[in-house]
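To start, the structure under review is shown below, and the notes come after it.
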Amino acid sequence: MKPYRVAILGCRSRGSSAARVYHTHPRTELVGLCDLLEDRLNTLGDELSIKARFTDLDEMIRQTKPDIVAIPTAPALHAPLALRVLEHGVNIEVEKPMGMDLIETDAVMNKADEKGVQVAVHHQWRLSAWTQAINQVYQAGDIGELRYIYASGKGYYGGFGLMEIGTHLLTHMIKFGGHCQSVTAHATTRGHTITPQDVLPAPRGNGTIAGDRVTASLQFANGVTGTLLQHHFNKIELDAHVVELYGTEGRLMWHPQGAWKLPNPHVLPTNNLDQWQALTPIYPESFEQAVKSLPGNGKMNEGDYWFVDEYVRALDAGQEHECSGAEGRHVIEIIMGIFESAAYGTRVDLPQLNREHPLTRWRNEEGLGAPEPMPMADADWLVEESKRLGS
């Protein structure tokens with residue numbers, strides 16, 4: 001079968017990762033690279049021997065005629081660039097989050113529907129080798145009936161973590177729990193319940209946020225509930241970064257570096273600590289050969305490879321990607337629901353009728369307008385936040 005032609009828009013770290021996978025996958029052909037910075041463009045182009053290099057995305061699409069355009073750019077550019085690419089009637093994959101609010105994500109999905117093309121959101125952890133291992137055990141019924149899902153971030157400032165790592169955690173949760181029906185959340189800043197003055201622009205251009213600790217209760221179908229924690233720690237705590245599935249007959253735990261099964265769903269440290277069973281990661285059939293074919297010292301993430309493998313399958317079958325635009329939009333619905341619930345102190349039913357960012361609406365209702373700009377870099381942002389809070 002002929003390979004799918006792929007162009008990359010943005011050659012930073014995530015763009016380089018995407019380019020390596022599309023370059024080595026047996027069913028995709030990397031036909032063009034685009035970046036505004038020619039040094040970055042030429043570094044990746046030289047690594048992969050790609051001569052078709054552009055600083056204008058429209059020209060790249062016209063000349064290379066791709067089937068897929070990958071958009072691994074800065075977060076605030078995801079939706080605007082997706083809309084621009086979709087005008088060409090091309091399938092896209094866009095980095096998470098797919099938009100900064102529901103107005104943006106709706107615009108992307110409406111344009112994709114108008115053009116009759118696919119949107120896939122790069123939630124690679126949902127497809128990673130460890131998630132594949134957990135899903136195999138789950139689908140076999142080894143933990144019985146799912147009743148509860150727990151997920152925790154790794155210590156970013158709460159609202160920022162929700163827009164950053166929280167997108168990955170939420171797509172894990174809806175993979176197993178189904179779509180979320182309602183959200184109840186609480187957010188605090190330095191121990192006090194958030195106020196409109198605590199609404200801020202996030203680091204790295206991740207939209208509008210509030211709260212250094214965000215705790216959310218999620219209601220899924222069939223009585224399944226979930227808890228999502230995005231709590232700020234003084235340092236990044238990778239061991240806190242987990243998704244755990246509680247069934248009637250066992251438990252499953254996902255971590256970026258492993259996956260485990262507990263045959264007994266109830267934990268008693270005196271007799272259960274040695275019962276956790278390590279699972280074996282599941283890799284795509286062609287992954288090992290693809291890694292060997294990488295030029296130089298290039299590195300490739302198996303989650304990214306699984307993502308491309310899934311895109312090939314979906315396009316071959318005329319079906320949506322597992323990490324579809326619809327799933328990506330639902331993640332943003334949950335996040336906006338969490339912010340709305342925390343701001344207004346109420347349960348939020350999904351999907352929302354009002355698609356405006358709830359924190360922006362909250363500030364406007366208090367006559368505050370847009371918050372002051374903040375630094376983009378995480379460390380500088382935290383310094384400014386400490387100054388704002390008087391410490």
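Of the residues making up the stretch 177-206, those that are assigned to a loop (DSSP other than H, G, I, E, B), within 23 Å of Gly345 (Cβ to Cβ) and out of contact with any Pro (no Cβ under 7 Å at 6 or more places or on another chain) are Arg190, Gly191, Ile194, Thr195, Ala202. Out of curiosity, is Gln319 in the same structural domain as Thr105 (by TED's automatic domain parsing), closer than 27 Å to Met173 by Cβ and among the polar types (S, T, N, Q)? Taking the combined requirement at face value, the residue satisfies it.
Looking only at the stretch 13-30, how many residues end up being surrounded by fewer than 23 Cβ atoms within 10 Å (Cβ to Cβ), in contact with a strand residue (DSSP E or B) (Cβ under 9 Å, 6 or more places away or on another chain) and either among the hydrophobic types (A, V, I, L, M, F, W, C) or not in a loop (DSSP other than H, G, I, E, B) (or both)? Here the count works out to 4. When Thr171, Thr184, Thr208 are checked against the criterion of being assigned by TED's automatic domain parsing to the domain that holds Ser391, of a type in the set (Val, Ile, Thr), farther than 20 Å from Met100 by Cα and in contact (Cβ under 8 Å) with a residue 40 or more places away in the chain, a single residue qualifies: Thr184. Just one residue in the set Asp58, Asp113, Asp142, Asp46 is touching a residue at least 24 places away in the same chain (Cβ under 8 Å) and either assigned to a strand (DSSP E or B) or out of contact with any Gly (no Cβ under 8 Å at 6 or more places or on another chain) (or both); that residue is Asp58.
Say whether the condition of being on the phi < 0 side of the Ramachandran plot, assigned by TED's automatic domain parsing to the domain that holds Gln319 and of a type in the set (Gly, Ala, Ser) is met by at least one residue in the stretch 85-95. No, the stretch 85-95 contains no residue that is on the phi < 0 side of the Ramachandran plot, assigned by TED's automatic domain parsing to the domain that holds Gln319 and of a type in the set (Gly, Ala, Ser). Has the stretch 336-352 got at least one residue that is part of a loop (DSSP other than H, G, I, E, B), of a type in the set (Asp, Glu) and either within 17 Å of the chain's Cα centre (by Cα) or within 22 Å of Met109 (Cα to Cα) (or both)? There is no residue in the stretch 336-352 that is part of a loop (DSSP other than H, G, I, E, B), of a type in the set (Asp, Glu) and either within 17 Å of the chain's Cα centre (by Cα) or within 22 Å of Met109 (Cα to Cα) (or both).
Summed over the stretch 145-176, residues that are assigned to a loop (DSSP other than H, G, I, E, B) and closer than 28 Å to Glu385 by Cβ total 6. Applying a threshold of 9 Å to beta carbon distances and a minimum spacing of six or more residues, or different chains, the list of pairs starting in the stretch 253-280 at a residue that is under 19 Å from Ser152 (Cα atoms) and modelled with pLDDT of 90 or more and ending at one that is basic (Lys, Arg) and surrounded by fewer than 13 Cβ atoms within 10 Å (Cβ to Cβ) is empty.
Number of residues in the stretch 353-391 that are closer than 30 Å to Phe220 by Cα and either of a type in the set (Val, Ile, Thr) or not in a helix (DSSP H, G or I) (or both) equals 6.
The values are calculated or read from the model by the stated rules, or taken from the named source; none is laboratory data. The structure displayed is predicted, hence computed values, not measured ones. FYI the Cβ positions are ideal-geometry reconstructions off the backbone, even for glycines, and counts take in every protein chain you see.
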